[in-house]
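Since the structure comes first, as structure tokens, the remarks are kept for the end.
Please treat every number below as a calculation from the coordinates, not as lab data. Owing to the predicted nature of the structure, the values given are computational and were not obtained by experimental measurement. Please note: Cβ atoms are built from the backbone with ideal geometry, for glycine as well, and neighbour counts cover all protein chains shown.
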Amino acid sequence: MTKKTSALLLTVMFLFSVLLAGCGGKDSAPPAPAPGDTNSSNASSDGNQSAKKLSGNITVWVHPYVGDELKDEMNVVWDQIVSSYNSKYPDVKVKIEEIPWKNREQKILTALAANNGPDVFYQLPDQIPQFATKNVLEPLDSYMDDNNMEDFNQGALAAGIYENNLYALPILQEAQTLIYNTDIIQAIGEDPAKLPATWDEFNVWAEKAVAQGFFARDFPGGIACCNSTLYPMLWQQGGDVIDSGGKVIINNDKGVATFQMIKDMYDNGWIPKDSISNQDQFPEFLSGKMLAIWGSGYSLGILKEEGKNFVLGSPLRGQEESSFGTVGLFAVPSNSKNKEAAVEFIKELTNTESQKLFNQLTKYIPARQSAAGIYDGDEEMQKFIEVAAVSRPGVMSPVARTIMPKIQAEISAMLEGSKTPQTAADDAAKAIEEELNKR
Amino acid sequence: MSISLQKRIVLYILLIAFAIILFFPFAMMILGSLQKVERATSDPLFWIPTDPTLYNFDRILGRSEFVSWIKNSLVLTIIPVISQIFLCGVLGYIFGKKKFPGQEIIFWTMMAVVMVPSQLLIIPKYIMFSKMGWINTYAAIIVPELWTIMGVFLVRQFMMSIPKEMEEAAYMDGANDFTIFFRIMLPLAKPAIATVGTFGFIACWNDLFTPLIFMTSESMYPITVGLASILTKEGNFGIEMAGSAISFIPTFLIFIFFQRYFTDGIAMSGIKS
Amino acid sequence: MIKLNNTKRPNVGVGQAISGQPGASPGEKLMAQLKRNGIIYVFLIPILIHFIIFQVIPLGFSLVLTFMDWPVIGTPTYIGLENWQNFFTDKIAWKSIWNTVLFSVYYIIPAMAVGLGLALLVNSQVKGTNFFKAVYFLPVVTSFVIISGIWAWMFKGTDYGIINYVLSWFGIDTQLFFSNSKQALLLLAGLSVFKVCGSNMVYYFAGLKSIPKHLYEAARIDGASSWRIFWKVTFPLLLPIHFYVGIMTTIGSFQVFDSAFLITGGGPNYATTTIVYYLYEEGFTGLRFGYASVLAYMLFFIIFAISLVQRKYLGKEVTY
């Protein structure tokens, strides 16, 4: 290219982009917290509900929480929730849109960035701090005076709180624990009625199973890192990634011990050799190669459908009893054009009645105590509810998502043998600190 | 001309060997779609159905939105493909056969811009389209795809190899360049244009990413997004295979249809002498 | 190479025609110009406008973003060259560029060679080539998700993975494949070759069909062997196709994303973190769109430089 033309071209490009960025910027400026907003919500909270006059439209983005065979039932649930909401706020038009799980984050972010997003969307706990620090989420505290907050499972509710502000309300909880293959338990001469409660007990079983050519358990160390792999083990050993004071402690003695444990499991053949990159070892468990799998209510459903013999165990105790369990929450983006109606809708979505309807169909654990009754008499779900009580929703930090691939890389380097557990843990800590220092 | 028997045998061995390798995923898709398996197992042959069933197809075809998904896919594919065939043909001619100042720089700037990963441009596009009111409309998918620089590039490469004499002779006869394009160049570049059509069809039909971002209501989804919307977070092996098999059919038919144009070739041996 | 102020050839200028360049008889010249080049004005101008709206503006937007800290919702703040500076100290970014280059080495030439090989096979004068051509095209049409799922399943790094099972017949130890940081990238390249060779075959096949038959006959009369004919006649005459396929494959190679996204998640130990995968993560997981844009521009510079080189060596006009 000649200099002249390329310079010209660049200038033109620049002009256009400034133009676009200019309008984008104006529009996407965070709506200054209008005094009217807070006033009206305060007024509403000390007045009676029916006094509140809300109108306009809200768009709610949900996901396929059930398989397509239950799709019609799911739509009935949405309709019931919306009509209950409309009986209080008849002038608000609610549009429920079901968004595929695939690339959901990208879709939501893109739409929000263009100021054209939903008014209510589904959030997972490890994203909330990140979105909150970027001012993507509307703080909900000022709207909650009339909402029964005590009734929420406090662990689930905590997933929506970051730095003492509430950003999302939970609708569901999931708990993960070990599920054992009964046939293998019998093959190694143990009793399915007396499952291991601690790591020490599990290790005895594991050795027997491995001696007979089975894998002891799963460790899908690929993309699935770290919520279902490293973290529960780390917590069970009494360690953590970042402590409550914001200090990175993944490489303290407990952290290193956990790394060592994983390394030993790998070297001794307790977990498959492809655990470095594997995303899902459920197939191994399904085909009877594996003593135990770390799973949730979903895994249980598949096992039942396939007619497998299995028994539900407890998450193992090391120093502490702990597990991972995600929480599903609904949040309102800070650029919603109808925040008040949106927040009222979240309240409706997460009230006792809606939680019952929703979780009965989706087989998740309700996030409200008053809705837990739907699983009365269901032993397996009672077990999951028990586990949920000691479950944590992940690492609550703005960097929760971004540090996972970094930790995963260190673990894979360790399993490959290019790093010792100590250096892998140290390097992971360094990478986390770098992330924390980034803008 | 004839080929020796030995050579023929070697050729067939090679042809068949490649066929087996490249046929494998397809076979797995078809067989996998015929059984009710939600999750894969570690048995190497789990995808071979012991009890073949059309359950998965029933689930997909039974969806009330299925017809509108197919309709959307057709709209979002056929319009861009027709337009691409025409515009890439014209532009290939302009860039391959014409001479005008700035030709090279315009062409290579266009080529350069394609090299920026599309993942990143989705946000500015979304901002723009939402200002234009294009979100959840066909326009957001169709209009940007009306022509593609890759298609232009392909036709241009072909046009460049067509001897200049043909054009000159036509000018001498008083034809204008529209006539030359439609009467001479377009027929000659048929294989290239058929290729543009085939790949355009495949790209538009299989595009999941763009409509996934720009379409927000189920009634506007093309089949790719529709199939993705059936799946729960954990997926479903059988449904995924059946879905792929269904969306595979039209693209493959298009390939077979356009294939005869590839085989025609440019009857160039006669032109030059 | 481009002369914008080209006054020697009064007949060919778009610019001149619009500005009404003084000439002997302007009206006549304009008519002649329109007759010969009218098609340029009718089509190129709308296309340029379309190009600016749908390509240049979004691109310019991301250029501006590289100087900004943009918190998704809210006003971007100008931070100067910080994003660009960060790039130079970002080890993972450099690693991802290196991985991408390595991927290209594993991928570009094999994808072209296999494509050409398949085209030669289906162009041979035996029966049933149309059938084989259709079969070879199957992976192109089959969805990438399915193909990569199958690839991951075939190359499972345990002794019950099917490829490992086959290797065991030859006494080869169980390979870790995607769990081995030395093999993972190679396998992703293999997957891409597998997926794309059918389309390269179609391009080459079209090219082979357009080579005049008399050239082969002339060579054969001279007594050249098939091998020699291939290298002396076929291969050089495919130059425009080599050029096209080369550029397409290069662009595809540097933009590789899906397979890393679906199969390896960039691992093990960053071994398959390609630049587009990394920028996607930085953008949509890290919410650092400014920095992700820097990565995109870096990628752009690299591909652009390579394409210029390819253009120099492959982009010549071929005359038969």
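Quick notes on this structure:
- When the protein assembly as shown is described by a simple charge dipole with +1 on each Lys and Arg Cβ and -1 on each Asp and Glu Cβ, the residue from C:39, B:217, C:75 located farthest towards its positive end is C:39.
- Spin-label proximity, residue B:178 to the stretch C:37-68 - amide N less than 18 Å from point 7 Å beyond Cα toward beta carbon: C:37-47
- Largest first, the three principal axis extents of the alpha carbons in the stretch A:302-347 are 51, 36, 16 Å in whole numbers.
- Mean Cβ neighbour count within 10 Å, used as a protection proxy, ranking A:236-245, A:324-333, C:217-226, B:123-132 highest first: A:324-333, B:123-132, A:236-245, C:217-226
- Available extension along the chain between residue A:361 and residue A:337 is 5.5 nm, counting 0.36 nm per residue and deducting the alpha carbon span.
- Spin-label model, residue C:182 to residue C:162: label points 7 Å out along the Cα-to-beta-carbon direction sit 2.7 nm apart.
- Selection from B:192, B:134, B:102, by position along the positive dipole direction of the stretch B:64-272 (Cβ): B:102
- Average Cα contact separation per residue, the stretch B:64-272, under 8 Å, 6 or more apart, as relative contact order %: 36
- The residue B:78 and residue A:267 beta-carbon pair, evaluated with R₀ = 51 Å, returns a calculated FRET efficiency of approximately 0.35.
- Shielding by partners, peptide B:95-107 (average Cβ within 10 angstrom, other chains): 6
- Efficiency of FRET between residue A:142 and residue A:376 - r from beta-carbon atoms, R0 51 angstrom, step 0.05: 0.90
- Residue list for the stretch C:95-133, given a label point 7 angstrom along the Cα-to-Cβ vector of residue B:12 and an amide N cut-off under 13 Å: C:126-129
- The protein assembly as shown: calculated mean residue ellipticity at 222 nm from DSSP helix runs of at least 4, using -39500 (n - 2.57): -18000 deg cm²/dmol
- Whether chain B is rounded, prolate or oblate, judged on the alpha carbon gyration tensor where a/c under 1.5 counts as rounded: oblate
- Computed over the protein assembly as shown, the Cα gyration tensor eigenvalues convert (square root of 5λ each) into semi-axes of 52, 37, 26 Å, ordered from largest to smallest.
- Efficiency of FRET between residue B:257 and residue B:67 - r from beta-carbon atoms, R0 25 angstrom, step 0.05: 0.65
- For the stretch C:223-320, the residue among C:291, C:277, C:240 whose Cα projects farthest onto the positive side of the dipole built from Cβ charges is C:240.
- For residue A:420, no residue has an amide H sitting under 5 Å from its own, ignoring neighbours fewer than 5 places away on the same chain, with H placed 1.01 Å from N.
- Sequence-distant residues sharing a close amide H with residue A:215 (under 5 Å, placed H): A:290, A:291
- When +1 charges are put on Lys and Arg Cβ atoms and -1 charges on Asp and Glu Cβ atoms, the dipole computed for the stretch B:64-272 relative to its Cα centre reaches about 300 debye.
- Model label sites at residue A:247 and residue A:260, defined 7 Å from Cα along the beta-carbon direction, differ in position by 2.1 nm.
- Spin-label model distance (nm) - residue B:132 vs residue C:28, 7 Å beyond Cα toward Cβ: 4.5
- Fraction of antiparallel bridges per DSSP, chain A only, in percent to nearest 5: 65
- Normalised by 2.2 N^0.38 Å, where N is the number of residues, the alpha-carbon radius of gyration of chain A equals 1.10.
- Within straight-line cross-link reach of residue B:190, aspartates and glutamates at Cα separation under 13 Å, skipping those fewer than 8 residues along the same chain: B:264
- Taking a ≥ b ≥ c as the square roots of the eigenvalues of the alpha carbon gyration tensor, the stretch C:89-314 is oblate, as a/c is not under 1.5 and a/b does not beat b/c.
- Within 10 Å of the Cβ of each residue in C:146-152, the mean number of Cβ atoms contributed by other protein chains is 6.
- Members of C:209/C:312; B:99/C:312; A:95/A:363; A:53/A:95; A:52/A:356 lying beyond 22 Å, as alpha-carbon distances in this model show: C:209/C:312; A:95/A:363; A:52/A:356
- Computed lengthening from residue A:53 to residue A:133, 0.36 nm per intervening residue step minus Cα-Cα distance: 25.7 nm
- Extension gain from residue A:308 to residue A:149, taking 0.36 nm per residue of separation minus the Cα-Cα distance: 53.2 nm
- Inter-chain Cβ neighbour average for residues A:290-299, partner chain, 10 Å: 1
- Shape call, the stretch C:53-110: gyration tensor on alpha carbons, a/c limit 1.5: oblate
- Charge dipole of the protein assembly as shown (Cα centre as origin; +1 on each Lys and Arg Cβ, -1 on each Asp and Glu Cβ, all else neutral): 5920 debye, rounded to the nearest 20.
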